[in-house]
Amino acid sequence: MFAAERRQLILEMVRANGAVSLRELARVVQTSEVTVRRDVRALEAEGLLDRRHGGAVLPGGFTRESGFPQKSHLATAEKTAIADLAASLVDEGEAIVVGAGTTTQELARRLARIPGLTVVTNSLLVAQALAHANRVEVVMTGGTLRGSNYALVGSGAEQSLQGLRVTRAFISGSGLTAERGLSTSNMLSASVDRALVQSAAEVVVLADHTKLGTDTMFQTVPTDLISRLVTDEPPANDERAVTQLQALADQGVQITVAGVGAGGAGGTGSAGGTSSGEGRQPRRDVPLPGQRRTTGPGGGAPHLRSASTSTTASAAPTDQQSDRARVADLRRR
């Protein structure tokens with residue numbers, strides 16, 4: 001394929017989807033990410049698109065929202081790995097809320113295997129994935145159907161969540177930055193997501209690396225309300241994504257990284273004491289530079305704390321050096 005043909009195809013993909021990762025562009029045009037990166041730079045120089053952390057977006061700052069058919073084909077391997085890992089955080093018998101999105105739909109398919117759950121959602125796709133699950137109760141909000149992402153929105157959805165209290169909220173969005181937190185491109189969706197978050201004791205954001213550093217119009221969850229981010233490992237040379245992970249961790253967000261591909265994440269044990277654990281992917285909580293690994297209350301799973309605020313005298317040297325080496329390796333590549 002000639003350069004002009006590649007660039008035309010890249011431009012058409014960005015116009016259709018709003019935002020596309022370099023990895024996905026390289027796969028579609030059947031070339032390397034290095035070549036795609038050069039094409040994106042050339043198109044940016046012409047003012048036809050903007051480069052963003054590991055991908056390309058429509059010009060003009062904020063990215064617009066893609067429709068569900070386009071989103072469902074973006075970063076599919078990453079979403080699958082994130083969903084596997086997020087499901088390992090859920091215990092039998094929990095009550096949780098799950099927001100709308102392609103990543104949360106993947107999560108719902110895995111939640112169907114965990115008995116005794118109560119899942120509150122405004123997503124028809126999440127409800128459909130759980131419709132035939134054994135011993136899983138699905139509670140749907142009211143509201144008006146938003147066809148582009150098969151979600152219920154509006155005052156009816158928000159009012160149905162009043163007075164609700166659950167252990168965790170699993171939520172996704174269009175972009176995530178350390179400065180603003182999670183955001184989305186639609187005002188009605190943002191309002192319902194805020195109501196979902198207010199009902200939960202813990203907020204877990206599911207976002208693949210293409211969303212790191214992307215800022216969209218309506219804030220849904222400020223950074224200080226995000227308990228945990230489940231994401232995939234950024235590709236080589238994606239310095240901005242690594243920087244965002246560092247900044248999020250510095251603000252107290254626990255970062256859990258899912259491995260993509262054979263072998264999954266090189267974890268340090270499973271999260272939570274769930275059922276059989278069959279098919280569960282171990283999690284890897286990665287302390288970034290300036291952080292150390294500590295043990296959770298009651299000897300639970302390790303969590304991340306900033307070295308500047310930690311009360312622990314010292315972390316285990318081997319674990320800390322190994323984790324920092326992994327992030328340092330990301331920066332070098």
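Every read-out reported here was derived from the displayed coordinates using simple, explicitly stated rules and does not represent laboratory data. Predicted model, so just to flag it, every value in this text is computed and none were measured. Counting neighbours? That spans all protein chains shown, and the Cβs are built from the backbone with ideal geometry, glycine included.
Summing Lys and Arg as +1 and Asp and Glu as -1 over all other residues whose Cβ lies under 14 Å from the Cβ of residue 200 gives a net charge of +1.
Ranked by the mean number of other Cβ atoms within 10 Å of their residues, highest first, the peptides 77-89, 245-257 fall in the order 77-89, 245-257. Each label point was placed 7 Å from the Cα along the Cα-to-Cβ direction; for residue 5 and residue 167 their separation is 5.4 nm. Of the peptides 213-225, 168-180, the order by per-residue mean of other Cβ atoms within 10 Å, starting with the highest, comes out as 168-180, 213-225. Stretched out straight at 0.36 nm per residue, the stretch from residue 15 to residue 38 would grow longer than its current Cα-Cα span by 6.4 nm. Stretching residue 155 away from residue 51 to a fully extended chain increases their span by 33.8 nm, per 0.36 nm per residue minus the current alpha-carbon distance.
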